[in-house]
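In what follows, a single structure is set out as structure tokens and then discussed.
Nothing in this text is a laboratory measurement; each read-out follows from the coordinates by a stated rule. Not measured: the values here are computed from a predicted model. So basically every Cβ, Gly included, is an ideal-geometry build from the backbone, and we count neighbours across all protein chains shown.
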Amino acid sequence: MKIDLHIHSKDCSDGMKTLREIFEEASKREIGLISITDHDSLDCQEPAEALAMHWGMQYLYGLELNVSFTHPEYRNGKPISLDFLAYQYDIHYQPLVQKLQDLRQYRKVRAQRILEKINDELAKEKIELLKEEDMKAIESTVEGTFGRPHLANYLVKKKIVANKQEAFDKYLVRCDVPKMPLSLAEASALVRGAGGKLMLAHPNDPSGTSLVSFTTSLEEQQEIIKETMLPYIDGVECWRSKHDQITLNSYLAFAKKNGLMVTGGSDCHQQPVIIGSVDVPPYVAAQFGLVPKRQL
């Protein structure tokens, strides 16, 4: 039976499919345990739980948080972004609810500032600047959490760039504005305060938000975790499409040695659809006191 504990929806995050479409596809792929882990949003958790029940799946409340993380021995102490996954928490825990509202509101401010910096670049290229009505048009496309992919899609629509990758390469990386900072200690306090578990997501993803920004050495990555993260996390995401077998084996051994939980998922944004493509073993569900219904 299949498990996928890392999926993003169009309704509440930066995915390409709605919750209903995700669960229809997950059912076809015989997913037994599933979690929607939208960025900074709890809005889809109850609808997702209801859809899981409808399709005969077990559901685990999920959430993805972006943390600003520093280490004095890397990048001259400059911060990097790391993602953490929260599971099995109280979705009505007010400190967490309020913090997520603050993070989402700041995303709009950030998008406006990025747009201003893009206009500076467009002015140099003698391209017509984006106006207030453009920002409104971008906002109208946001069904979940506002992020740079929405800006990229609009730049493609306006034919300023040919595709999303060009939008990032030419403008969005250069014109980026930091997200509202959230420390690991604060993220941990919020999730654990809500009765949940916090996991370091995709620690060795070579092309994503990961410890690769510090070092490609698995030993060094794990030493960073051991030195700075163990008091704040409950586990680590081991199974992931961009983790090779060496990474998987290394992180499984590290987690076992340090008494950490292990999780896994596709991190599917539905482009392409890779739900259930990562071979997560049943004992991952057992860690949460769950057994995938399709296995009963």
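With contacts taken as Cα pairs under 8 Å at a separation of at least 6 residues, segment 106-172 carries a relative contact order of 31 percent. Seen against the Cα atoms of the chain and their longest principal axis, helix 148-157 is set at about 50 degrees.
For segment 138-163, backbone nitrogen atoms closer than 18 Å to the point 7 Å from E125 Cα along Cα-to-C-beta are found at 148-163.
Given Cβ point charges of +1 (Lys, Arg) and -1 (Asp, Glu) and nothing else, what value in debye, to the nearest 20, does the dipole of segment 239-296 about its Cα centre take?
Details: 6 positive and 3 negative charges, 32 e Å.
That gives a dipole near 160 debye.
For the residues F146, F84, F254, a GNM of the chain with alpha-carbon springs under 10 Å puts the largest fluctuation on F254.
Look at the alpha carbon pairs under 8 Å that are at least 6 residues apart: their mean separation over the length of the chain gives a relative contact order of 25 percent.
Taking the Cα centre of segment 106-172 as origin and assigning +1 to Lys and Arg Cβ atoms and -1 to Asp and Glu Cβ atoms, the resulting dipole is close to 120 debye.
Calculate the dipole size of the chain relative to its Cα centre from +1 charges on Lys and Arg beta carbons and -1 charges on Asp and Glu beta carbons; express the result in debye to the nearest 20. Can you show the working numbers first?
Numbers: 36 positive and 41 negative charges, 55 e Å.
With only Lys, Arg, Asp and Glu charged at Cβ, the dipole is about 260 debye.
Against the longest alpha carbon principal axis of the chain, how many degrees, from 0 to 90 and to the nearest 10, is the axis of helix 94-124 turned? On a 0 to 90 degree scale, this one is about 40.
Please report the spacing between the Cα centers of segment 97-112 and segment 1-78 in Å, no decimals. Using only Cα atoms, the two centres lie 19 Å from each other.
In the chain, the DSSP beta bridges split such that about 45 percent are antiparallel, to the nearest 5.
Place the peptides 128-135, 106-113, 72-79 in order of packing, highest mean first, counting for every residue the other Cβ atoms within 10 Å and averaging per peptide. Can you show the working numbers first?
Numbers: 128-135: 13.2, 106-113: 15.9, 72-79: 11.0.
Top to bottom by mean Cβ count within 10 Å: 106-113, 128-135, 72-79.
Working value for segment 106-172: equivalent-ellipsoid semi-axes of 18, 13, 11 Å, each the square root of 5 times a Cα gyration tensor eigenvalue, largest first. Projecting the Cα atoms of V156, I118, Y106 onto the dipole axis of segment 106-172, where Lys and Arg carry +1 and Asp and Glu carry -1 at the beta carbon, places Y106 farthest toward the positive end. Computed from label points 7 Å out along Cα-Cβ, the spacing between R75 and S277 is 2.7 nm. Across segment 190-296, C-alpha contacts under 8 Å between residues 6 or more apart give a mean separation that, scaled by the residue count, equals a relative contact order of 21 percent. Once the convex hull of all Cα atoms in the chain is built, its volume per residue stands at 128 Å³. Pairs from the list K108/K257; K28/K257; K28/K108; K78/K256; K17/K117; K28/K179 with a Cα-Cα gap above 32 Å: K108/K257; K28/K257; K28/K108; K28/K179.
With each run of n ≥ 4 DSSP H residues scored as -39500 (n - 2.57), what mean residue ellipticity at 222 nm is computed for the chain after dividing by its residue count and rounding to the nearest 500 deg cm²/dmol? Each step should come with its number before you reach the end.
Numbers: 10 runs with 112 residues, N = 296.
Value at 222 nm, helices only: -11500 deg cm²/dmol.
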